[in-house]
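First the structure, which I've put down as structure tokens, then a few questions once you've had a look.
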Amino acid sequence: MELAGKGAVITGGTRGIGKACAIGLARAGAHVVVSGRSDADGAAVVREIEAGGGRATFAHQDVRRAEDWDRLMETTLRTAGRVDAFVANAGISFAKTAAEMSLAEFRDMIAVNLEAVFIGLQRATTAIRAHGEGGSIILMSSIVGKIGAPGYMHYGAAKAGVRLMAKAAALELGPEKIRVNSVHPGFVRTDMTAEFPEDFMASLTPLGRIGEAREIADAVVFLASDRSKFMTGAEVVLDGGLIVR
């Protein structure tokens, strides 16, 4: 219960990695506010957390809408009382080459995967500053934010932006004891990777398998806790060794 008494916010927390992170943060004792676009999925996550003895609240959110960010933070302060950890997890992904991609598609990828992270970083910083005790901001990037991937130029551009956003924010917020780190998953079993053959993904990793969402969640809980209180500006890579091949 190392996060007991803490308030945590996670965007895109109703499925996949986000859901696993929400459950992990709640098991560690935090009151978790989960955001997403599906009210039904959000309610299901809250029920699962509460059934395990945790505390959670769902907030409907489209991360592209600034007013939804205001409502998310208001909900968190009303229910959890404070913000100590913020996880910017919401994102979209689809494959398309640069030649096939429309400018509108590129802009939508940037809006969800980069601009929304910036808005969340701003709002979370304000909320953490309110209690003056510091906190942890965790930005979900990807190994595609570190290496190129054909068909994912738009996604890689956004995730690389998240990676450097975390580093700049770490420098700016360090004096206030607000830590900012980025997380870079590789192939993880989620809806986003369901289109790829699992054997193919596993063959690319030295560990010979793909990751599980809970393994990403374990790292997020670590970053949210005091166990990582001397970590900021770091890139936490969780890819089974794919990136070192």
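The values are calculated or read from the model by the stated rules, or taken from the named source; none is laboratory data. In this text the structure is predicted, and so the values were computed from the model without any measurement. Using ideal geometry, Cβ is built from the backbone for each residue, glycine included, and neighbour counts are taken over all protein chains shown.
Quick check, is residue 2 surrounded by fewer than 18 Cβ atoms within 10 Å (Cβ to Cβ), of a type in the set (Asp, Glu) and part of a helix (DSSP H, G or I)? Write out each step before concluding.
Working: surrounded by fewer than 18 Cβ atoms within 10 Å (Cβ to Cβ): yes; of a type in the set (Asp, Glu): yes; part of a helix (DSSP H, G or I): no.
It is false that residue 2 is surrounded by fewer than 18 Cβ atoms within 10 Å (Cβ to Cβ), of a type in the set (Asp, Glu) and part of a helix (DSSP H, G or I).
Residue check, residue 53 against (1) outside any helix (DSSP H, G or I); (2) closer than 22 Å to residue 128 by Cα; (3) over 15 Å from the mean Cα position of the chain (by Cα), all met but one. Which one?
(2)
Evaluate the following for residue 97: is it exposed (fewer than 14 other Cβ atoms within 10 Å of the Cβ) and closer than 21 Å to residue 154 by Cα?
Numbers: exposed (fewer than 14 other Cβ atoms within 10 Å of the Cβ): yes; closer than 21 Å to residue 154 by Cα: yes.
Judged against the criteria, residue 97 is a match.
Given the structure, is residue 240 at positive phi, surrounded by 21 or more Cβ atoms within 10 Å (Cβ to Cβ) and not in a helix (DSSP H, G or I)?
On the way: at positive phi: yes; surrounded by 21 or more Cβ atoms within 10 Å (Cβ to Cβ): yes; not in a helix (DSSP H, G or I): yes.
In short, yes.
Further, regarding this structure: Given the structure, is residue 12 surrounded by fewer than 24 Cβ atoms within 10 Å (Cβ to Cβ) and either in a loop (DSSP other than H, G, I, E, B) or among the polar types (S, T, N, Q) (or both)?
no
From 138, 128, 92, grab the single residue that is surrounded by 14 or more Cβ atoms within 10 Å (Cβ to Cβ), modelled with pLDDT under 95 and either under 24 Å from residue 236 (Cβ atoms) or within 17 Å of the chain's Cα centre (by Cα) (or both). Quick ask: steps written out before the conclusion?
Working: 138 fails: modelled with pLDDT under 95; 128 fails: modelled with pLDDT under 95.
Of the residues listed, the single one that is surrounded by 14 or more Cβ atoms within 10 Å (Cβ to Cβ), modelled with pLDDT under 95 and either under 24 Å from residue 236 (Cβ atoms) or within 17 Å of the chain's Cα centre (by Cα) (or both) is 92.
Is one or more of the residues making up segment 77-86 over 30 Å from residue 241 (Cα atoms) and exposed (fewer than 14 other Cβ atoms within 10 Å of the Cβ)?
Of the residues in segment 77-86, the ones over 30 Å from residue 241 (Cα atoms) are 77-84.
From the residues that got through so far, the ones that are exposed (fewer than 14 other Cβ atoms within 10 Å of the Cβ) too are 78, 81.
Yes, segment 77-86 contains at least one residue that is over 30 Å from residue 241 (Cα atoms) and exposed (fewer than 14 other Cβ atoms within 10 Å of the Cβ).
Name the pairs: first residue in segment 61-84 and among the aliphatic types (A, V, I, L, M), second residue assigned to a loop (DSSP other than H, G, I, E, B), Cβ to Cβ under 6 Å, at least 6 apart or on different chains?
These pairs meet every condition: 63/11; 63/90; 72/61.
A further question on this structure: Quick check on my filter: what residues within segment 134-175 are of a type outside the set (Lys, Arg), assigned to a loop (DSSP other than H, G, I, E, B) and touching a helix residue (DSSP H, G or I) at 6+ places or on another chain (Cβ under 7 Å)?
Initial filter on segment 134-175 (of a type outside the set (Lys, Arg)): 134-145, 147-158, 160-162, 164-166, 168-175.
Keeping just the survivors that are assigned to a loop (DSSP other than H, G, I, E, B) gives 134, 141-142, 147-152.
Selection gives 134, 141, 142, 147, 148, 149, 152.
Of the numbered conditions (1) of a type outside the set (Gly, Ala, Ser); (2) within 14 Å of the chain's Cα centre (by Cα); (3) over 21 Å from residue 6 (Cβ atoms), residue 200 fails exactly one; give the number of that condition.
If we test residue 200 against (1) of a type outside the set (Gly, Ala, Ser); (2) within 14 Å of the chain's Cα centre (by Cα); (3) over 21 Å from residue 6 (Cβ atoms), just (2) comes out false.
Scan segment 176-196 for residues that are farther than 16 Å from residue 242 by Cα and either part of a loop (DSSP other than H, G, I, E, B) or at pLDDT 90 or above (or both) and jot them down. Even if it seems obvious, please write down each step before you answer.
So in segment 176-196, the residues farther than 16 Å from residue 242 by Cα come out as 176-182, 190-192, 194-195.
The answer is 176, 177, 178, 179, 180, 181, 182, 190, 194, 195.
Identify all residues within segment 27-70 that are exposed (fewer than 15 other Cβ atoms within 10 Å of the Cβ), within 20 Å of residue 116 (Cβ to Cβ) and of a type outside the set (Asp, Glu); write none if there are none.
37, 38, 60, 64, 65, 66
Answer yes or no: is there a residue in segment 61-81 that is outside any helix (DSSP H, G or I), at positive phi and modelled with pLDDT of 95 or more.
Quick first cut of segment 61-81, residues outside any helix (DSSP H, G or I) only: 61-65, 80-81.
Imposing the further condition that a residue be at positive phi reduces the set to 81.
Among the residues that remain, those that are also modelled with pLDDT of 95 or more are: 81.
Among the residues of segment 61-81, at least one is outside any helix (DSSP H, G or I), at positive phi and modelled with pLDDT of 95 or more, which makes the answer yes.
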